[in-house]
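Chemist: I'd like to ask some things about the structure below.
The values are calculated or read from the model by the stated rules, or taken from the named source; none is laboratory data. Fair warning: this is a prediction, and the values are worked out from it, not measured in the lab. Cβ atoms come from the backbone with ideal geometry, glycine included; neighbour counts cover every protein chain shown.
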Amino acid sequence: MIRFVCRQLRFDVVRSVLTTTALAAVVAVILVLEGFYAGLLQQLRSAVLDRQADLIATQAGVANMIATRSILPQFSRDSVEAIDGVAAAHPLTGISIIYEQQGKRTPVFLFIYDTGGGPDRLLAGSAITHPRDIVIDQSLAIKHDLRTGDAFVVSNFEFRISGIAEGAAAFFAPFGFARYDDLIDFYFESDIAADISTFPLLSFLLVELKPGSDPPTVAAAIEAGVPEVDVFLPERLADQDESLGRALIGPIMGLMVIIAYVIGAILTGMIMFATVNARRREFGTLKALGFSNRFLASSVVAEAVAIAVIAIPLGAVLAAVIAEFVERTAPLYVVLATQPGALLRTSLACLAFAAIGALGPVGLIRNVDPVVAFRS
Amino acid sequence: MWRWTFKSLVASPLTLAMSIAAAACAMLLAILFEAIYAGEAKQVVAYLENADADVWVMQGGVSNMHMATSYLSDWKAHEVRDVDGVASVESILYLNTVIDAGGKKWFSFIVGLDSSSKGAGPWSMAEGKPMPGPGDAIVPRVFADMTGLQLGDIVAITDRKFRISGFSADTFSMGNTVIFVTKPDLEDVMSSLDIVSFMLVKANPGVSPDMLARRIESNVTKVSALPSHAFVANDRSMVMQMGVETIALMTTIGGSLAILLVAFTVYSQIARQQRELAVAKALGATNRMLLMSVTAQATAISVISVLVALLLALVLVPLTDALVPQVTLRITGSAIERIAVLGVAVALVASLVPARRIARADPVTAFHS
């Protein structure tokens, strides 16, 4: 049977290659779509986990870090640090700004930090060492052609880029990192106002625990002692942000993935059907030579599965190439195109679609009259 | 020749139907992805497009609303009102944050309205009061569709609770869901006082918004003023980068797949007739005739496929709207035109590959076994 299937595939190489390529393309598109979604969710998780805190305190009632407004009272830092088991509470503020250069605007999520919560991985330059230093994500640097040492002007306030960070982006926005002293200057130099308290000054506290402390116990103690804050394990807060991402992006991404799956399934079935249908004459010949319907049907399904088996890794490679291309040209996005879960799901679906698609024309084979083989 | 072309096309109805169905499916994929993209691209600026303003005034250096932070001292509204050509000024407070409604989290833009607001509130109501009172919130109807929320139910903005007094229509999108509360309530949430975020300025009759914007900027210090069309354009371009760009990328990838599959389908259909075309050549048909026949068939397949895909899309879009109310799908004429032109072009190119092979072949090969 295997030999027969191989010969069938080799008989019309162009058709086999085209069929395999078409299937691989379907697999690749599904993997890329799934990879986009997975990448967006991973970025949301990393934004929290990369702050490297044992616990994270937010404004009471606020259960997210990204895309939310959290304002903590200034005194809450001292109150949290006074709780037993807490070694330090590192302040962190998040504000949205728009960076504009030569007509190109980019929304940037600016993290203001002091002793913790700064950039996790630097690609170039150094962390903040001087006043008005700023570290920006590489996607922002690439988009606006910025390098270390360049000026970075926001609302007429000039920062200087000291470092370029890697993987510091989420929720479709690159991150920037700056120090508190510069934030205060930034606020004073902008035109508002009279009351600086209008601006967010403290959004989160990154809690560092003393060795041996139990995080859930300390979290409960902080919430009991400082009612202005809610305290989360970073994993829990990352879950919340991921869940927000799912709620926000999931319907559209999910719909696109479902459309791709459904249409991919139909197409796969049709491609296999067309492949078999185009060879009815050959099947007639084989039947005239004594091959049974059962053997021919099995061979068709085996051929479909063989094509799918070749198409799946080819599709995965194609997806990886597309993902690499997207990440290189638009580093704001992470495309996890070859995640094991998605790969397995897509592979199984592809195999199933191919087999089902090949089963469709089995009826055609059964009805083929061996006489067709001898017609001119 | 045309009769022969037609006969040749429909000689195997099942194969033809399959080819059309496969190409239509590929085009349907592109049409639906384009519809998602177009729907979201329109919806993200729905608030700005529907707010009744000729000119928007904001903090100096700010030039859009989406994800921007803009604070102005509220007394600047008086200065703007005094500018020659200004008919009226309405101020709003604005905050983007995550809210909790019906057990789900929603990234939302909260608009704080004055009680006298005329043009900054919801422009279309599905149910309930069109203006929020103290402690009230007007939320998109999609919230109700998704979670079963009803009038009088509670939503949380940070740790403050609001009662739903109305469901607005046309205010939901992935990147720009709009919620309306009173300005004092939002001031309370933001712990701010005597500030506004944006001013919606109406111009006197005959006054150009562009000129009025320039006049406001020169008369009022440290503010930015933009005519409505420029403000909308700025926000659209900003939002397109945030999420909608992802959809565009995915649409491009889906479209590329569709192109590949259309090419594959048409190639298969024409290649199937290779022997038949070779016989026609042996019987005296010129290469030109064969080429015309092949391209006519490819055009017919792709045009019928576009029509079938469009028909399917017109059935599927309302169905999707009902099943996934969070996603706005919008089929545009330009998208259909683009897909049709691209589909036909790709089909023609794909059909030329086997056609060229026949043109080069010796007619005698038609009679080989």
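Chemist: In contact (Cβ under 8 Å) with a residue 12 or more places away in the chain and crowded, with 24+ Cβ neighbours inside 10 Å, is that true of B:Phe172?
Modeler: Spelling it out, B:Phe172 is indeed in contact (Cβ under 8 Å) with a residue 12 or more places away in the chain and crowded, with 24+ Cβ neighbours inside 10 Å.
Chemist: Looking at B:Ala53, B:Ala11, B:Ala26, B:Ala68, can you tell me which residue is of a type in the set (A, V, I, L, M, F, W, C) and in a helix (DSSP H, G or I)?
Modeler: B:Ala26
Chemist: While we're here: Are there any pairs, at least 6 apart or on different chains, whose C-beta atoms fall under 8 Å, with the first in region A:12-32 and over 12 Å from A:Leu318 (Cα atoms) and in contact (Cβ under 8 Å) with a residue 60 or more places away in the chain and the second surrounded by fewer than 18 Cβ atoms within 10 Å (Cβ to Cβ) and among the charged types (D, E, K, R), and if so, which?
Modeler: Cβ pairs passing all conditions: A:Ser16/A:Arg10.
Chemist: Also: For region A:75-99, what are the residues that are more than 25 Å from A:Gly212 (Cβ to Cβ) and either at pLDDT 95 or above or within 14 Å of another protein chain (Cβ to nearest Cβ) (or both)?
Modeler: A:Thr93, A:Gly94, A:Ile95, A:Ser96, A:Ile97, A:Ile98, A:Tyr99
Chemist: Now for a different question. Select the helices (runs of 4 or more DSSP H) contained entirely in region B:240-335, then report the ones holding at least 3 residues which are within 12 Å of chain A (Cβ to nearest Cβ) and buried (at least 19 other Cβ atoms within 10 Å of the Cβ).
Modeler: B:245-272, B:287-323
Quick grid of which residues meet (1) in contact with a Cys (Cβ under 8 Å, 6 or more places away or on another chain); (2) more than 14 Å from chain A (Cβ to nearest Cβ); (3) surrounded by 15 or more Cβ atoms within 10 Å (Cβ to Cβ):
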{"residue": "B:Ser115", "(1), (2), (3)": "no, yes, no"}
{"residue": "B:Ser192", "(1), (2), (3)": "no, no, yes"}
{"residue": "B:Ala203", "(1), (2), (3)": "no, yes, yes"}
{"residue": "B:Pro209", "(1), (2), (3)": "no, yes, yes"}
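Chemist: Based on this model, can you work out whether A:Ile164 counts as outside any strand (DSSP E or B) and under 25 Å from the mean Cα position of the chain (by Cα)?
Modeler: It is false that A:Ile164 is outside any strand (DSSP E or B) and under 25 Å from the mean Cα position of the chain (by Cα).
Chemist: Then there's this: Buried (at least 19 other Cβ atoms within 10 Å of the Cβ), out of contact with any Cys (no Cβ under 8 Å at 6 or more places or on another chain) and either more than 13 Å from chain A (Cβ to nearest Cβ) or at pLDDT 80 or above (or both), is that true of B:Leu226?
Modeler: yes
Chemist: I'm trying to understand the selection: among the residues of region B:3-30, which are within 7 Å of another protein chain (Cβ to nearest Cβ) and over 21 Å from B:Ile259 (Cα atoms)?
Modeler: Residue satisfying the conditions is B:Leu14 alone.
Chemist: Can you go through B:Ser63, B:Ser117 and tell me which one is at negative phi, in contact with a helix residue (DSSP H, G or I) (Cβ under 9 Å, 6 or more places away or on another chain) and without any contact (Cβ under 8 Å) to a residue 40 or more places away in the chain?
Modeler: B:Ser117
Chemist: Which count do you get for residues in region A:60-69 that are within 25 Å of the chain's Cα centre (by Cα) and modelled with pLDDT of 85 or more?
Modeler: Selection size over region A:60-69: 5.
Chemist: Assuming A:Ala265 fulfils every condition listed in (1) within 14 Å of chain B (Cβ to nearest Cβ); (2) over 22 Å from B:Ile247 (Cα atoms) apart from one, which condition is it?
Modeler: (2)
Chemist: For region B:205-220, give me the residue count where each residue is without any contact (Cβ under 8 Å) to a residue 24 or more places away in the chain and part of a helix (DSSP H, G or I).
Modeler: 4
Chemist: Would you please name the residue that is nearest to B:Ser191 (Cα to Cα), looking only at residues in region A:41-52 that are surrounded by fewer than 24 Cβ atoms within 10 Å (Cβ to Cβ) and in contact with a Leu (Cβ under 8 Å, 6 or more places away or on another chain)?
Modeler: Taking the candidates together, the pick is A:Arg51.
Chemist: I need a count of the residues in region A:45-65 that are farther than 17 Å from A:Leu202 by Cβ and either among the basic types (Lys, Arg) or facing chain B (nearest Cβ under 10 Å) (or both).
Modeler: Residues flagged as farther than 17 Å from A:Leu202 by Cβ and either among the basic types (Lys, Arg) or facing chain B (nearest Cβ under 10 Å) (or both) within region A:45-65 amount to 2.
Chemist: So, one more: Return the residues of region A:140-151 that are in contact with a strand residue (DSSP E or B) (Cβ under 7 Å, 6 or more places away or on another chain) and in a helix (DSSP H, G or I); say none if nothing qualifies.
Modeler: A:Leu140, A:Ala141, A:Lys143, A:His144
Chemist: I would also like to ask the following. Examine region A:242-254 for a residue that is charged (D, E, K, R), more than 8 Å from every other protein chain (Cβ to nearest Cβ) and within 36 Å of the chain's Cα centre (by Cα), and state whether such a residue exists.
Modeler: Scanning region A:242-254 turns up at least one residue that is charged (D, E, K, R), more than 8 Å from every other protein chain (Cβ to nearest Cβ) and within 36 Å of the chain's Cα centre (by Cα).
Chemist: Looking only at region A:301-357, count how many residues are among the polar types (S, T, N, Q), over 16 Å from A:Ala25 (Cα atoms) and more than 14 Å from chain B (Cβ to nearest Cβ).
Modeler: 1
Chemist: I would also like to ask the following. Being under 30 Å from B:Ser256 (Cα atoms), more than 9 Å from chain A (Cβ to nearest Cβ) and of a type in the set (Phe, Trp, Tyr) narrows it down to one of B:Tyr37, B:Tyr47, B:Tyr94, so name that one.
Modeler: B:Tyr37
Chemist: For region B:29-44, does any single residue satisfy the condition of being in a helix (DSSP H, G or I), surrounded by fewer than 19 Cβ atoms within 10 Å (Cβ to Cβ) and not β-branched (Val, Ile, Thr)?
Modeler: yes
Chemist: Under 8 Å between Cβ atoms, which residue pairs at least 6 apart in sequence (or on different chains) link something in region A:286-302 that is under 21 Å from A:Ile271 (Cβ atoms) with a partner that is basic (Lys, Arg)?
Modeler: A:Leu296/A:Lys287; A:Ala297/A:Arg366
Chemist: From the set of residues in region A:87-139 that are in a strand (DSSP E or B) and small (Gly, Ala, Ser), which is nearest to A:Phe171 (Cα to Cα)?
Modeler: A:Ser96
Chemist: What are the residues in region A:1-44 that are at the interface with chain B (Cβ under 10 Å from one of its Cβ atoms) and not in a helix (DSSP H, G or I), if any?
Modeler: Scanning region A:1-44 gives a single hit, A:Asp12.
Chemist: Looking at A:Ile249, A:Ile222, A:Ile259, can you tell me which residue is assigned by TED's automatic domain parsing to the domain that holds A:Ala28 and either touching a strand residue (DSSP E or B) at 6+ places or on another chain (Cβ under 7 Å) or over 30 Å from A:Ala355 (Cα atoms) (or both)?
Modeler: After applying the criteria, what remains is A:Ile249.
Chemist: Another question, then. Just checking, which of A:Ala306, A:Ala373, A:Ala302 is assigned to a helix (DSSP H, G or I), touching a Cys at 6+ places or on another chain (Cβ under 9 Å) and modelled with pLDDT under 90?
Modeler: So the residue among A:Ala306, A:Ala373, A:Ala302 that is assigned to a helix (DSSP H, G or I), touching a Cys at 6+ places or on another chain (Cβ under 9 Å) and modelled with pLDDT under 90 is A:Ala306.
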